Amino acid sequence: MRHILFDRELPSQWTLTSVDAIKANEKSACVAGPFGSNISSKYFVAEGVPVIRGSNLTDDLTRFVPESFVFVSLDRAAAYRAQHVRAGDLVFTCWGTIGQVGLIPADGPFPEYIISNKQLKLRPDAAVADPLYLFYYFASPQMVAHIRNRAIGAAVPGINLGILKALEVVLPPPRDQRRIASILSAYDDLIENNTRRIAILEEMARRIHEEWFVRFRFPGYENVRMVESELGLVPEEWDFTTLGAVCAYINRGLAPKYDEDAPGLVINQKCIRNQRLSLSEARRQSKAVPKDKLVLVGDVLINSTGVGTLGRVAQVMEPLESCTVDTHVSIVRPSRDMDHDFFGSALLSKQPHFEAQGVGSTGQTELSRGRIAETAILLPPKPLRDQFGKLVKPMRQLAVRLQVKNANLRATRDLLLPKLISGELDVSALPEPEAIAA
């Protein structure tokens with residue numbers, strides 16, 4: 001018997017079955033969400049049972065995103081008990097972003113949730129199919145593509161309950177399922193641990209910046225006289241100026257000529273998220289780049305067009321060879337005497353300001369370089385800026401190193417995933433998860 005996702009024979013003792021055959025033996029094990037009008041925004045309340053929506057699911061092997069919940073009342077949720085999900089259940093997006101799948105965690109913020117009208121629920125029979133193995137199977141790029149190929153609808157693609165139930169499932173023996181899941185989750189556990197460390201380091205740097213330059217409790221503040229200003233009391237000898245006055249360069253990027261075989265790299269708006277720069281969405285391009293449009297360490301990049309992403313900020317923390325930005329992103333380069341870490345921290349704190357500065361009609365909003373340059377900034381004396389940079393630089397550099405480590409862990413996991421679920425790798429020959437973690 002051949003594997004449905006890979007051009008190879010199934011290993012001995014592996015079986016080919018369906019979602020319908022592996023669901024738990026209960027009436028509501030595989031169901032669609034409530035009808036849209038029955039769980040619409042008019043029923044949302046301040047607290048109650050959380051509703052799982054598309055923002056809680058991804059198509060990038062993130063098991064669950066436990067944030068930005070809306071709630072319905074306990075009474076409202078009680079009317080849809082079949083649509084409740086708990087630890088070990090899988091949730092699929094059925095309209096819109098097909099391919100999103102999530103696994104409800106045992107250590108999540110709530111014991112139960114209710115799916116929205118755009119989700120499907122699967123509660124597997126855990127004695128037959130390990131939920132974590134199923135998550136990796138359904139979230140694999142090969143299976144995501146397979147599901148998308150089954151979608152119905154043109155303008156808004158979707159899958160219905162019948163399509164989900166008919167999806168083929170390749171099942172190794174239960175022990176091998178758990179082994180595969182354990183190996184892959186060891187990488188995810190390391191990624192999650194590093195992500196927590198990154199968040200702590202970034203928060204430490206942010207709090208120090210706030211304490212020194214917003215609350216004015218910097219080293220030696222007790223001996224500095226406060227003077228009146230247009231914004232209230234500020235330390236004496238601090239200067240009100242504009243961002244343009246402390247920058248060497250502010251400009252948009254170029255219109256790239258995409259070429260996946262070219263040496264050049266172009267950053268787009270998708271690369272700037274959560275105040276971090278990720279090159280996973282960057283693309284190769286072959287157009288010659290003017291020297292001043294090549295990004296440098298210390299440059300701050302600001303999304304400058306559109307709705308939703310406009311105003312997002314990230315700083316370039318590592319050298320990037322032959323790298324530029326496209327016309328939707330602005331390069332904001334500090335002057336030579338400006339400490340990079342002070343500059344980056346100051347502009348990260350200005351993100352809400354940049355987000356509010358877009359001008360234009362809906363869908364055509366622009367953040368001009370003029371508005372960026374006019375942004376007011378309170379500039380402390382250079383020795384204090386440099387002292388701040390010396391303090392936070394190790395934190396910020398460690399956070400970047402952990403981001404790189406996470407990228408490498410994801411790449412290794414993503415290489416292993418198809419080899420494991422196809423049976424190409426014999427799981428008994430792989431190291432224990434504890435050995436991988438070490």
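The values are calculated or read from the model by the stated rules, or taken from the named source; none is laboratory data. Computed from a prediction, not measured in an experiment: that's the story for all the values here. Don't worry about glycine lacking a Cβ; one is built from the backbone with ideal geometry, like all the others, and counts go over all protein chains shown.
Take the conditions out of contact with any Gly (no Cβ under 6 Å at 6 or more places or on another chain), closer than 26 Å to Glu203 by Cβ and surrounded by 15 or more Cβ atoms within 10 Å (Cβ to Cβ) and apply them to Gly298. Does it pass? I'd like the intermediate steps shown before the answer.
Details: out of contact with any Gly (no Cβ under 6 Å at 6 or more places or on another chain): yes; closer than 26 Å to Glu203 by Cβ: yes; surrounded by 15 or more Cβ atoms within 10 Å (Cβ to Cβ): yes.
Criteria met by Gly298.
In the same structural domain as Ile22 (by TED's automatic domain parsing) and over 27 Å from Phe35 (Cα atoms): which single residue out of Tyr221, Tyr133 fits that description?
Working: Tyr221 fails: in the same structural domain as Ile22 (by TED's automatic domain parsing).
On inspection, the qualifying residue turns out to be Tyr133.
Might you let me know whether the range 49-72 holds any residue that is in contact with a strand residue (DSSP E or B) (Cβ under 9 Å, 6 or more places away or on another chain) and part of a helix (DSSP H, G or I)?
Yes, some residue in the range 49-72 is in contact with a strand residue (DSSP E or B) (Cβ under 9 Å, 6 or more places away or on another chain) and part of a helix (DSSP H, G or I).
Tell me which residues, restricted to the range 291-310, are part of a loop (DSSP other than H, G, I, E, B) and touching a His at 6+ places or on another chain (Cβ under 8 Å).
As a first pass, look at the range 291-310 and keep what is part of a loop (DSSP other than H, G, I, E, B): 294-299, 304, 306-310.
Result: Val297, Gly298, Ser304, Gly306.
Specify which of the listed residues (Ser345, Ser330) is assigned to a strand (DSSP E or B), out of contact with any Pro (no Cβ under 6 Å at 6 or more places or on another chain) and at pLDDT 95 or above.
Details: Ser345 fails: assigned to a strand (DSSP E or B).
So the residue among Ser345, Ser330 that is assigned to a strand (DSSP E or B), out of contact with any Pro (no Cβ under 6 Å at 6 or more places or on another chain) and at pLDDT 95 or above is Ser330.
Suppose the filter is without any contact (Cβ under 8 Å) to a residue 24 or more places away in the chain and either over 16 Å from Thr327 (Cβ atoms) or not in a strand (DSSP E or B) (or both); does Ala262 pass it? Outline the logic, then answer.
Working: without any contact (Cβ under 8 Å) to a residue 24 or more places away in the chain: no; either over 16 Å from Thr327 (Cβ atoms) or not in a strand (DSSP E or B) (or both): yes.
Judged against the criteria, Ala262 is not a match.
Looking only at the range 311-327, count how many residues are among the charged types (D, E, K, R), in contact with a strand residue (DSSP E or B) (Cβ under 7 Å, 6 or more places away or on another chain) and part of a loop (DSSP other than H, G, I, E, B).
Start the filter on the range 311-327 by keeping residues that are among the charged types (D, E, K, R), which leaves 312, 318, 321, 326.
Narrowing further to those that are in contact with a strand residue (DSSP E or B) (Cβ under 7 Å, 6 or more places away or on another chain): 312, 326.
Cutting the leftovers down to part of a loop (DSSP other than H, G, I, E, B) gives us 312.
Going through the range 311-327 one residue at a time, the tally reaches 1.
Looking at the range 386-408, can you tell me whether even one residue there is in contact with a helix residue (DSSP H, G or I) (Cβ under 9 Å, 6 or more places away or on another chain) and closer than 24 Å to Leu310 by Cβ?
yes
Consider Ile98 against the criteria (1) within 22 Å of the chain's Cα centre (by Cα); (2) surrounded by fewer than 20 Cβ atoms within 10 Å (Cβ to Cβ); (3) over 26 Å from Lys42 (Cβ atoms); (4) of a type in the set (A, V, I, L, M, F, W, C): it satisfies all of them except one. Which criterion is unmet?
In the conditions (1) within 22 Å of the chain's Cα centre (by Cα); (2) surrounded by fewer than 20 Cβ atoms within 10 Å (Cβ to Cβ); (3) over 26 Å from Lys42 (Cβ atoms); (4) of a type in the set (A, V, I, L, M, F, W, C), Ile98 misses (2) alone.
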